[in-house]
Amino acid sequence: MLEVENLTVHYFTSVGIVRAVEDVSFSVGRREWFTFVGESGSGKSTVAQALIGLVPPPGKVVGGKIVLNGRNLLEMSEKELRSIRGKEISMVFQDPMTSLDPLRKIGDQMVEAMTEHGIDEEEAREKAVRLLESVNIPADRMDYYPHQLSGGQRQRISIAIATALEPCLLIADEPTTALDVIVQEAIMELLNELKEKGTSITFVTHDVSLAFERSDRIAVMYAGRIVEMGDADELVRNAMHPYLKALLESVPDVCSDKEVKAIPGNPPDLRNPPKGCRFHPRCPFATDICRTQEPELREVENNHFVACHGVV
Amino acid sequence: MPEMLEVRNLKTYFPVRVGILDSLRGKKYFVKAVDGISFSIDRGEIFGLIGESGCGKTTAGRSVLRLVEPTGGEVIFDGVDVLKLGKEELRRIRRRMQIIFQDPYASLSPRMKIGEAIAHPLIIHGIADRREAREIALRMLKRVGLTPEEEYYDRYPNQLSGGQRQRVAIARAMALKPDFVVADEAVSMIDVSMRASILELLEEFRRDYRLSMLFITHDIAVARLIADRTAVMYLGKIVELGKTRRLIDNPIHPYTKALVNAAPSITRRERREKVKLRGEVPNAVNPPKGCRLSNRCPFATDICRTKEPELREVESGHFVACHLA
Ligand SMILES: Nc1ncnc2c1ncn2[C@@H]1O[C@H](COP(=O)(O)OP(=O)(O)OP(=O)(O)O)[C@@H](O)[C@H]1O
Ligand SMILES: Nc1ncnc2c1ncn2[C@@H]1O[C@H](COP(=O)(O)OP(=O)(O)O)[C@@H](O)[C@H]1O
Ligand SMILES: [Mg+2]
Ligand SMILES: [Mg+2]
């Protein structure tokens, strides 16, 4: 349904070119929960923004293809994109106030999101009530302003708005990072219900536990690149890239007494990423080829992709 | 182990602004942010405090150090009631009681180089002269992984990421070799790959100086890793307290169950026992009568809605405030 090929996004800042996303390829199937996981600065949000055509300046998509249901979004005009946003592809953000207007009642905002796309007012109002109920918010909250709601409620409303027109793809960038675990759990359940009803989810998180608990498939990002990609179960059982292995070892687990180990070193400055494999300065297994040649993301087992010279 | 800190029936209420009519009628309202909590921390113990946003964790931590003035109770630090100390005595004891703030933005002066931010308190407290203070600061920067440390010494807070600022805050508190530290979400912004080494560093301080710590976190997996015992707070009260592993593996209070159940885990793709709470955390100005969880608890009975449960010892060292336990 969504096919992304060689997506490359750079930020042209006054202090240099930040190579935030480099050569990223993946696809998301119908009714699939696909997650980008990685540490801060690895380029997850930039990918998410590129998918919906909202990379902020000084960022620019400098290469690649984003094909949604057969059409390349990167070749569309802003007008065409606008008609697709909300209807075919939609986004929720970490801070729900990114998409909510603080000065307008949430009911009106929900209705407008639909009338903008040609649904008549009355029908939109009815639908808004149903949507609110579907995200567990009483219909009388239609008349509330965003500040009268809790953070969790605001996030549920922004999900309701984002899914009002039943887009086939919902992108969610850290939608629960500002919320408590109990509220987070409710939001994750809600996203899961949407998936069951047929929406594809592209989820972005830095929380490794959250990513692996919920996703069907996962792409692990490091310094602007996908280093490993595959089924969540497979990646947990059979992680191959030294970064993913180390990442899994660094995460504490609430239900077991596993030991944790830090990954020595720091992620690179993306204005001047290391030559060869971007992880090589922190990789205990790095050899000469890792320092000179960028590893390709290869399918090493059925549906399991790894970008590492050391994996044969 | 001797107790380093004992907190008895600590209360911190904040007045809330009310309309003019109410104030004419002499009505006062309070947020009972901390409403009668008791616990003790041994020398060399890391004591976890978990719970949802707004339940009073930060207020509890700040009250212990008198960074906010508690409404009542006792805080016995090394035999002395901190709440009874005068200004000068309080200032002196502060070196031994440090805090790592939840928001490192608020706690670091934007105009002070981070190296100086670490060195300065050492000079103020008469622990080191200028040159020594600089050396200690450099050593601390290195220990928290901000290397090359000479380069980081001269940076300003706005040139660091949130996680890096948290590491500065840790370095600053630990440079004073305190006996007791309140660590308020001290590692929340540090990337996972680095977090493990910072937690390891806190362990080292605990070992080397027999440091005691009140470790406030919303991340239950982190509490499991570092805290010997843990207390769970809900709306200003402790609802459960016990050995951390026992508490997480066998939670007794419905709130603890819900909290543990909601925490994501790689090894738990299949969820275990589900305890779902209705609705959301109520307003702290008007908590429900009886048990504060009663309006959300799936197991609540009549007694829960009328009588406030006491924190009772249900197993050795394991305390629960629930009528049904
Ligand atoms: N200075 C203050 N004046 C009035 N109310 C306050 C003040 N500080 C905190 N509160 C209130 O006290 C309650 C507890 O707040 P506190 O910051 O202690 O919670 P917390 O558990 O640390 O939350 P979080 O996980 O979000 O950090 C909240 O209802 C809060 O709004
Ligand atoms: N508006 C921007 N201007 C310049 N650089 C940016 C901007 N947004 C992100 N970056 C840089 O791009 C890289 C990837 O960032 P981002 O996509 O936000 O990562 P993540 O979401 O994984 O934390 C980082 O190096 C970040 O500093
Ligand atoms: Mg991001
Ligand atoms: Mg707090």
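Read-outs: derived from the displayed coordinates by stated rules, not from any lab. These numbers come from a predicted model, not from an experiment. Cβ atoms come from the backbone with ideal geometry, glycine included; neighbour counts cover every protein chain shown.
Worth a mention:
- Spatially proximal lysines relative to residue A:195 (Cα-Cα < 17 Å; intrachain offsets below 8 disregarded): A:87
- Whole-angstrom gap from the stretch B:151-174 to the stretch A:251-299, using each part's C-alpha centre: 24
- Efficiency of FRET between residue B:43 and residue B:245 - r from beta-carbon atoms, R0 30 angstrom, step 0.05: 0.90
- Angle of helix A:181-196 to the longest C-alpha principal axis of chain A, folded into 0 to 90 degrees and rounded to 10: 80°.
- Rg/Rh for the stretch B:7-124 stands at 1.03; both radii use Cα atoms, and Rh follows the Kirkwood definition.
- Distance in nm between pseudo-label sites at residue A:3 and residue A:123 (7 Å out along the Cβ direction from Cα): 3.3
- Counting only DSSP beta bridges whose two residues both lie in the stretch A:1-100, roughly 95 percent are antiparallel.
- Overall form of the stretch B:70-217 per C-alpha gyration tensor (a/c, 1.5; a/b vs b/c): prolate
- In this simple spin-label model, placing a label point 7 Å from the Cα along the Cα-to-Cβ direction at both residue A:25 and residue A:285 gives a separation of 2.3 nm.
- A Gaussian network model of chain A, with springs between Cα atoms under 10 Å, assigns the largest mean-square fluctuation among A:160, A:139, A:124 to A:139.
- Note on residue B:306 and residue A:150: with the Förster distance fixed at 25 Å, the Cβ-Cβ geometry gives a FRET efficiency of about 0.35.
- Semi-axes of the equivalent ellipsoid for the protein assembly as shown, Cα gyration tensor, largest first, Å: 41, 34, 23
- Calculated FRET efficiency, residue B:142 to residue A:293, Cβ-Cβ distance, R0 = 25 Å: about 0.15 to the nearest 0.05.
- Label point at residue B:91 placed 7 Å out along Cα→Cβ; residues across the stretch B:122-140 whose backbone nitrogen lies under 18 Å: B:122-128
- The C-alpha atoms of chain B define a longest principal axis, and helix B:162-175 lies at about 70 degrees to it.
- For the stretch A:149-193, alpha-carbon Rg relative to the globular expectation (2.2 N^0.38 Å, N residues): 1.09
- Shown for A:149, A:2: other C-beta atoms within 10 Å of each C-beta, ranked fewest to most, produce the order A:149, A:2.
- Added length on full extension, which subtracts the Cα-Cα distance from 0.36 nm per residue, residue A:237 to residue A:143: 29.0 nm
- Partner chain coverage, peptide B:46-53 - average Cβ within 10 angstrom: 2
- In the stretch A:78-237, the DSSP beta bridges split such that about 40 percent are antiparallel, to the nearest 5.
- Estimated distance in nm for a label pair at residue B:203 and residue A:259, the labels positioned 7 Å out from Cα along Cα-to-Cβ: 0.8
- Per-residue shielding of B:224-230, expressed as the average number of other chain Cβ atoms within 10 Å of the residue Cβ, stands at 2.
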